[in-house]
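FYI, it's all coordinate maths here, none of it is from the lab. If you're wondering where the values come from, they're calculated on a predicted model, not measured in any experiment. Glycine gets a Cβ as well: all are built from the backbone with ideal geometry, and neighbour counts include every protein chain shown.
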Amino acid sequence: MDRPTHEVADVIERFGAELLRQGGVTPARRRVMRAVAACRTASLGGHVEACDSCDYRRIAYNSCRNRHCPKCQGSRQAQWLEGRARDLLPVEYFHVVFTVPEEVAAIALQNKRVMYGILFAASAATLRTIAADPRHLGAEIGFVSVLHTWSQTLQHHPHVHCVVPGGGLAPDGSWVACRPGFFLPVRVLGAMFRGQFVTMLRAAYERGELEFQGNLSRLRRRASFASLLDRLRETSWVVYSKPPFGGPVQVLKYLARYTHRVAIGNRRILAVDGSGVTFRWRDRAAGDRPRTMQLPGVEFLRRFLLHVLPRGFQRLRHYGLLGNRMRESKLAMCRLLLGAEMPAPVDTVAPFEVADGRCPECQVGRLVRQPWSAMRTPEVADSS
């Protein structure tokens, strides 16, 4: 796969200094800028990969391994997917998305750790509570939740994607399947999610865990915050429940796209020049119609850095049957009830990696890692 022509690193190199001069860039965002700019460059060192059958050699610079870097997610994604392939069951899988109103998103931008945590907790409690209700499914379910905080145009838009098997374990130990093509009613999910979130939001306020700056400073007053809660209770909260996937392989392909995604991939960037940054985006309101947008370079970086997560915050979580503590035993019980075997390993080669280490030039030899000193050309010596 060819490397992208333009990268976020190019935008940082060209416009990063101006952004820093304008001020307001937190230390965490500065660290992300430094990491992304240095990723896979000589500044981080590297090694040489040489074919053991022909003269092919290439430099492999070290990656920054920052979770916000567009170039560092491929190998992490591959490793994670190898583990998730073992968790798949031979049932329908559903995609459920929980979003929040704009007023909540504004609070979340100033209180990321608390609010994103509530988003995870409220969406998980909603799915598990309604699924356990005998009027709907009457079973314990398991699912993967992934936090995304961006829209296609890089605006702040926090939401959680959940991938859920279409069934679960009943209290008597039997398997209960969803109706074909139908998971849980979205109106019930939306109402329950709203109630769960507002209750948790109020509790966080009472514990003094929320900060309100700038145009949100009015919410420091208890009466103003109570008024906000009243408005949220009267608002319809949107939950999407998308049609089922075609099968386990399609589930893995979907997870590969979503689990380790960053705010924007390098391949969406079309141009970086004196006019700013031009990139592709999909217009959801127009049926995912492809469009292009140009932003000033500093504004592009400002939007990109909106999505830097708090240190140590986990944006990918497992619940219920897929919770780490009882995952193996409960999944084994599900497979027994479904008459299924352990899924076969799935090939998950990361982007820019050569499958099985074969030389891309002669297709016969294998690439062997060597130290920098193995390269004798002046060009490589200078880059080290």
Could you order peptides 25-38, 42-55 by the average number of other Cβ atoms within 10 Å of their residues, highest first?
25-38, 42-55
Please compute the Cα-Cα pair-distance distribution of the stretch 191-294 with 5 Å bins starting at 0, giving whole percents from short to long.
2, 8, 11, 12, 11, 12, 14, 16, 10, 3, 0
Note down the magnitude of the dipole of the chain about its Cα centre, charges +1 on Lys and Arg C-beta and -1 on Asp and Glu C-beta and zero elsewhere, to the nearest 20 debye.
1020 debye
Taking a cut-off of 28 Å between Cα atoms, list the lysines near Lys330, but don't count ones fewer than 8 places away on the same chain.
Lys242, Lys253
Please report the net charge: other residues with Cβ closer than 11 Å to the Cβ of Val198, K and R +1, D and E -1.
+2
To the nearest 500 deg cm²/dmol, what mean residue ellipticity at 222 nm is calculated for the chain from DSSP H runs of n ≥ 4 alone, each contributing -39,500 (n - 2.57), summed and divided by the residues?
-11500 deg cm²/dmol
Can you check what the net charge comes to around Thr235, using other residues whose Cβ is under 13 Å from the Cβ of Thr235 (Lys, Arg +1; Asp, Glu -1)?
-1
Normalised contact order of the stretch 158-266, rounded percent, pairs of Cα under 8 Å and 6 or more residues apart
28 percent
With the contact rule set at Cα under 8 Å and sequence spacing of 6 or more, what percent relative contact order holds for the chain?
28 percent
Answer with one residue from Gln294, Val176, Trp237: the one whose Cα lies farthest towards the positive end of the charge dipole of the chain, charges on Cβ with Lys, Arg +1 and Asp, Glu -1.
Trp237
Picking from Asn215, Asn324, Asn62, which is most flexible by a Gaussian network model of the chain using Cα springs under 10 Å?
Asn215
GNM result for the chain, Cα springs below 10 Å: residue of Leu201, Leu252, Leu229 fluctuating most strongly
Leu229
Dimensions in Å of the stretch 2-110 - Rg and Dmax from alpha carbons
19.8, 61
Answer in debye to the nearest 20: the dipole magnitude of the stretch 122-197 about its Cα centre, from +1 Lys/Arg and -1 Asp/Glu charges placed on Cβ, is 220 debye
Out of Thr149, Thr41, Thr235, any idea which swings most in a Gaussian network model of the chain, alpha carbons joined below 10 Å?
Thr235
Which Cys residues of the chain have no other Cys Cβ less than 4.7 Å away and so no disulfide-compatible partner by this rule?
Cys162, Cys178, Cys334
Give me the distance between the Cα centres of the stretch 142-208 and the stretch 11-90, rounded to whole Å.
31 Å
Taking the Cα centroid of the stretch 214-267 and of the stretch 294-311, what is the distance between the two, rounded to the nearest whole Å?
19 Å
What dipole magnitude, in Debye to the nearest 20, does the stretch 158-231 give about its Cα centre under +1 on Lys/Arg Cβ and -1 on Asp/Glu Cβ?
400 debye
